[in-house]
1. Can you tell me which of F108, F136 is within 17 Å of the chain's Cα centre (by Cα) and more than 25 Å from G46 (Cα to Cα)?
2. Here are the criteria: (1) in contact with an Asp or Glu (Cβ under 8 Å, 6 or more places away or on another chain); (2) surrounded by fewer than 16 Cβ atoms within 10 Å (Cβ to Cβ). Tell me which single one R148 does not satisfy.
3. Any residue at all in region 55-63 that is farther than 21 Å from L127 by Cβ, surrounded by 21 or more Cβ atoms within 10 Å (Cβ to Cβ), at pLDDT below 95 and touching a strand residue (DSSP E or B) at 6+ places or on another chain (Cβ under 8 Å)?
4. Pick from R187, R179, R158, R214: which is basic (K, R), modelled with pLDDT of 50 or more, in contact with a Gly (Cβ under 9 Å, 6 or more places away or on another chain) and farther than 19 Å from L69 by Cα?
5. All but one of (1) surrounded by fewer than 18 Cβ atoms within 10 Å (Cβ to Cβ); (2) closer than 24 Å to R148 by Cα; (3) of a type in the set (S, T, Y) hold for T70; state the number of the condition that does not hold.
6. Could you list, in sequence order, the residues of region 175-204 that are among the acidic types (D, E) and either surrounded by 18 or more Cβ atoms within 10 Å (Cβ to Cβ) or in contact with a Leu (Cβ under 7 Å, 6 or more places away or on another chain) (or both)?
7. Taking region 121-140, which residues are touching a helix residue (DSSP H, G or I) at 6+ places or on another chain (Cβ under 7 Å) and either at pLDDT below 95 or more than 21 Å from E66 (Cα to Cα) (or both)?
8. Given the structure, is G65 in contact (Cβ under 8 Å) with a residue 60 or more places away in the chain, within 20 Å of W49 (Cα to Cα) and of a type outside the set (F, W, Y)?
Amino acid sequence: MPDASSAAARLAARLAHPAIWRGGDCAPEPASLPTGFPPLDAVLPGGGWPGAGLAEVLLAREGIGEIALTLPALASLQRARRDLVWIAPPYRPCAPALAAAGIDLTRFHVVRCARPEEALWACEQALRAPECGAAFAWLSTRDERVLRRLQVAARDGRTFGVLWRRPGERGGAASAPLRLGLAPDERSGRLAVHVLKRRGGTLARPVVLDLEARSVAAPGIVVRARPLPSPPCRPDPRTVAAHEAVRTTSMRHARQAAS
């Protein structure tokens, strides 16, 4: 009869199989995109943003650095010649800032929507499109059926999707498998990233990021303070007209093209 030590060794070997996920572990993702901030990658499943899935990001307010947090991943997707789609953003994107971050504006699309249903439709289509590497949507729905459809679309299309939301708009337990909360750090004014939901459990303390210097503090620890700009980028319309290569597409035109 085998002794207890050999039985324990066999059990440990079985549990080490890559197809087995233990509840206390940070579960691997089928594909991931490094965030550009190694300590944040260290606490995210798969070591980064979901490359084939949905992330729900709750904002204390707009303009605290949320877009800058995603720019390294977006630039890497564009190096792979994949398009970026933003659906119903609350502000006009700052084209010069995006271009300076390595975003190819000829592969960057903005969809303006008159109604929430149009934004949901556009989001699902973008997530399923093979040419699309990332789809960002500013949505307020908490309908679990809709959120599950978007998650399935992101998985099937192998697309990085982000739903930008306010704290009161968060989905339920069955929504996106990754949920982050973003807020200015009270001590430094830098960006505090709270991991509110992930496979493997939440984090007790946030990761504090210095977005400008691309340096990161350990969870809950600030190394060098640098205030974040509070207002979102709102360039002068004349500057945008001269420099912005963002193609804004109405839902009416999108439906005509799809028919």
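The values are calculated or read from the model by the stated rules, or taken from the named source; none is laboratory data. Because the structure is predicted, anything quoted here is derived from the model rather than measured. Here the Cβ positions follow ideal geometry from the backbone for every residue, glycine too, while neighbour counts run over all protein chains shown.
1. Working: F136 fails: more than 25 Å from G46 (Cα to Cα).
Being within 17 Å of the chain's Cα centre (by Cα) and more than 25 Å from G46 (Cα to Cα) holds for just one of F108, F136, which is F108.
2. (1)
3. no
4. Of R187, R179, R158, R214, the one residue that is basic (K, R), modelled with pLDDT of 50 or more, in contact with a Gly (Cβ under 9 Å, 6 or more places away or on another chain) and farther than 19 Å from L69 by Cα is R158.
5. Just one mismatch for T70, condition (1).
6. Once the filter is applied, which keeps residues that are among the acidic types (D, E) and either surrounded by 18 or more Cβ atoms within 10 Å (Cβ to Cβ) or in contact with a Leu (Cβ under 7 Å, 6 or more places away or on another chain) (or both), region 175-204 yields only D185.
7. Answer for region 121-140, where residues must be touching a helix residue (DSSP H, G or I) at 6+ places or on another chain (Cβ under 7 Å) and either at pLDDT below 95 or more than 21 Å from E66 (Cα to Cα) (or both): A122, E124, R128, A129, P130, L139, S140.
8. Considered against the rule, which asks whether it is in contact (Cβ under 8 Å) with a residue 60 or more places away in the chain, within 20 Å of W49 (Cα to Cα) and of a type outside the set (F, W, Y), G65 comes out as yes.
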